[in-house]
Amino acid sequence: MSKKKIKEIFIGSNNEGKLKEIADLLPKSLKIYSNLDLKIPSPKETGTTFKQNSLLKAKYFSKKTNKICLADDSGIEIDILNKAPGVYSADWSGKKRNFDLAIKKVYQEISKKNKNWKKKKISARFICVLTIFWPNGKFISKTGKIEGWISNLKRGKNGFGYDPIFIPYGKRLTFGEMEPKKKYKIDHRSNAFRKIKKFF
Ligand code: IMP
């Protein structure tokens, strides 16, 4: 990896929610390129771990753009579902990326495991692996996590994806109800970002 501070970067994601969060984490002086204009199709996420998929995306977009690229692979692990949906978190929302559907599926799958689950604390965590990939082939990947519970009701309109059903440990609000700034301070993405911050 390069010791020089990164001055410009391509964010390799077609997920607008993520794109916004990642851009908000980066210093304002950095020139950010995103895929909103280029619309390069996303690669197939063939990895079985967050790390594999994060690297695969960062490398793919760096090769396509010849720029230093930052990519994220993330998702939610629910312990009672043996850590599903995990790397398949986006897939559970179907082709149209409908997260009402994904959340319905989460509730159905948890009910199959335990009918009384609403009276229990269902532990879960968000995980994020951020990878910076340089055009010379060097890369760095770092993982961030946040532990919490699954809310038995969908609550809040902020954020994206599974935010309305995730309550971080020690909080009452779901990520969907939390002010975005408060979410960013504690979430899996900012946690991973702190570990790569020195490159910017
Ligand atoms: P992928 O990294 O493109 O495979 O997608 C990860 C999926 O995990 C997203 O589509 C979201 O549904 C979910 N996810 C990741 N991070 C978050 C988050 O911060 N809030 C809510 N959902 C998230």
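Spin-label model, Lys145 to Asp100: label points 7 Å out along the Cα-to-beta-carbon direction sit 3.4 nm apart.
Subtract the Cα-Cα distance of Arg194 and Arg155 from 0.36 nm times their separation in residues, and report this length gain in nm to one decimal.
Values: separation 39, 0.36 × 39 = 14.04 nm, distance 2.82 nm.
Stretched fully, the Arg194-Arg155 segment lengthens by 11.2 nm.
Between 0 and 90 degrees, the angle of helix 16-25 with respect to the longest Cα principal axis of the chain falls at about 60 degrees.
For Tyr33, the amide hydrogen comes within under 5 Å of the amide hydrogens of Ile9, Phe10, Ile11, counting only partners 5 or more places away or on other chains and with H modelled in the peptide plane. Projecting the Cα positions of Leu81, Ser29, Phe99 onto the charge dipole of the chain (unit charges on Cβ atoms of Lys, Arg, Asp and Glu, taken about the Cα centre) puts Ser29 furthest along the positive direction.
How high is the relative contact order of the chain, in percent, counting Cα pairs under 8 Å that sit 6 or more residues apart? Before the final figure, lay out each step's value.
Details: 379 pairs, mean separation 40.4, N = 200.
Over the chain, the number comes to 20 percent.
Calculated [222 nm] ellipticity per residue, helices only, for the chain: -8500 deg cm²/dmol; basis is -39500 (n - 2.57) per DSSP H run with n ≥ 4, divided by all residues, nearest 500. Can you give the percent of C-alpha pairs in the stretch 85-158 whose distance is more than 16 Å? That tail contains 64 percent of the Cα-Cα pairs.
Work out, in µm²/s and without decimals, the Stokes-Einstein translational diffusion coefficient of the stretch 8-199 at 25 °C, 0.890 mPa s, Rh from Kirkwood over C-alpha pairs. In µm²/s, the coefficient is 144. In the stretch 8-199, taking the dipole from charged Cβ atoms about the Cα centre, the farthest positive-side position among Ala90, Gly170, Phe126 is held by Gly170.
Could you sort the peptides 39-48, 60-69, 123-132 by per-residue average Cβ neighbour count (10 Å cutoff), highest mean leading? Before the final figure, lay out each step's value.
Working: 39-48: 12.1, 60-69: 19.3, 123-132: 22.9.
For the peptides 39-48, 60-69, 123-132, the packing ranking is 123-132, 60-69, 39-48.
Taking amide hydrogens as placed 1.01 Å from N in the peptide plane, the amide H of Trp149 sits under 5 Å from those of Ala124, Ile167, Tyr169, each at least 5 positions away in sequence or on another chain. Extension gain, Lys112-Asn66: 0.36 nm per intervening residue step, less the Cα-Cα distance, totals 11.8 nm. Using alpha-carbon positions, what is the distance between the centroids of the stretch 134-156 and the stretch 69-122, in Å? Value for the Cα centre distance between the two parts: 14 Å.
Let me know the charge dipole size of the chain about its Cα centre in debye, to the nearest 20, where only the beta-carbon of Lys, Arg (+1) and Asp, Glu (-1) is charged. The calculated dipole for the chain is roughly 380 debye.
Only the coordinates and a few stated rules stand behind these numbers; no lab work does. Since this is a predicted model, take the numbers as computed values, not measurements. For neighbour counting, all protein chains shown are included, and Cβ atoms are generated from backbone atoms with ideal geometry for every residue, glycine included.
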